[in-house]
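**Q** What follows is a structure written as structure tokens; I'll ask about it next.
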């Protein structure tokens, strides 16, 4: 009986160590999930301008949890540059989350050298894995841009319910005319005064009103989601052979332009000739709104944008 008991102990021990070895073997076979990225946006059509900010957007999905997101701009062996230059920036604010929208703007330093570079996105996961993807970016001196659009005038006119109004009486270039009453109310109307300088060839401009709660601030015309954006005005130019300006209040062909007004509470916006219904996500409600200008030169794929915030009481 004693021998049988000892034998059972040995057999149980062997079985235990066998399970342990199997478990260790299985541990060795575990494959850790690595991060992935999508919807990458770099500058304006993968271009950055020396001395100006560059737009960067990427959707990150971690294998486990994000540890660090990093960008390196490194020279390419086959390229020639006027001097040595590289760049690195990293963000740890996304640490500990599974997925994140990384939307950043950072300056291209003044000492950058023109040329094409490797734009390297690295995502480090808390599980120890790492993803690295390489894109091409072109760094350009502003003097070498084919066109260099800029916002010269960004102003807003209010027409109250009694029809009272005034030129840019609500806002102009950083100045709210009445800082204590930055509000549009139901049945008041909004009119845009905007001017873009240094345009050429083909392009299009939109003035937009967007609920802040929708978290939508397009920076190019292609980025506009019209289910979330109410169009106040739209202006297009074609075949401009010389560098000039466009504005919503002046047309070089007909002098003063008839600027459309949009009433707070309207059923359709001013996306003429095919206006959009103001419903769904766009339905009027009280709250804070973005009001912005988005211009894209469609010939040269260069864009400029600007936004302010004010409230609507509906």
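The values are calculated or read from the model by the stated rules, or taken from the named source; none is laboratory data. What you are looking at is a predicted structure, and each value in this text was computed from that prediction instead of being measured. Because the Cβ atoms are built from the backbone with ideal geometry, glycine has one as well, and the counts that use them run over all protein chains shown.
**Q** Return yes or no: is residue 241 surrounded by fewer than 18 Cβ atoms within 10 Å (Cβ to Cβ) and either touching a residue at least 24 places away in the same chain (Cβ under 8 Å) or touching a strand residue (DSSP E or B) at 6+ places or on another chain (Cβ under 7 Å) (or both)?
**A** Spelling it out, residue 241 is indeed surrounded by fewer than 18 Cβ atoms within 10 Å (Cβ to Cβ) and either touching a residue at least 24 places away in the same chain (Cβ under 8 Å) or touching a strand residue (DSSP E or B) at 6+ places or on another chain (Cβ under 7 Å) (or both).
**Q** Of all residues in the range 47-78, count the ones that are out of contact with any helix residue (DSSP H, G or I) (no Cβ under 9 Å at 6 or more places or on another chain), surrounded by fewer than 16 Cβ atoms within 10 Å (Cβ to Cβ) and within 30 Å of residue 141 (Cβ to Cβ).
**A** Residues flagged as out of contact with any helix residue (DSSP H, G or I) (no Cβ under 9 Å at 6 or more places or on another chain), surrounded by fewer than 16 Cβ atoms within 10 Å (Cβ to Cβ) and within 30 Å of residue 141 (Cβ to Cβ) within the range 47-78 amount to 6.
**Q** If you don't mind, another one. Among (1) modelled with pLDDT of 95 or more; (2) over 18 Å from the mean Cα position of the chain (by Cα), there is one condition residue 293 misses while meeting the rest; what is its number?
**A** (2)
**Q** On the given criteria, is residue 184 under 20 Å from residue 237 (Cα atoms), surrounded by 14 or more Cβ atoms within 10 Å (Cβ to Cβ), in the same structural domain as residue 288 (by TED's automatic domain parsing) and touching a residue at least 40 places away in the same chain (Cβ under 8 Å)?
**A** No.
For (1) in contact with a strand residue (DSSP E or B) (Cβ under 8 Å, 6 or more places away or on another chain); (2) surrounded by 13 or more Cβ atoms within 10 Å (Cβ to Cβ), each residue gets a yes or a no:
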site: 95; (1), (2): yes, yes
site: 103; (1), (2): yes, yes
site: 112; (1), (2): yes, yes
site: 119; (1), (2): yes, yes
site: 136; (1), (2): yes, no
site: 142; (1), (2): yes, no
site: 163; (1), (2): no, no
site: 171; (1), (2): yes, yes
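**Q** Next up: Of all residues in the range 250-265, count the ones that are touching a strand residue (DSSP E or B) at 6+ places or on another chain (Cβ under 7 Å) and at pLDDT 85 or above.
**A** Number satisfying all stated conditions: 5.
**Q** Next up: Provide a single number: the residues in the range 121-134 that are surrounded by fewer than 16 Cβ atoms within 10 Å (Cβ to Cβ) and part of a strand (DSSP E or B).
**A** Number satisfying all stated conditions: 4.
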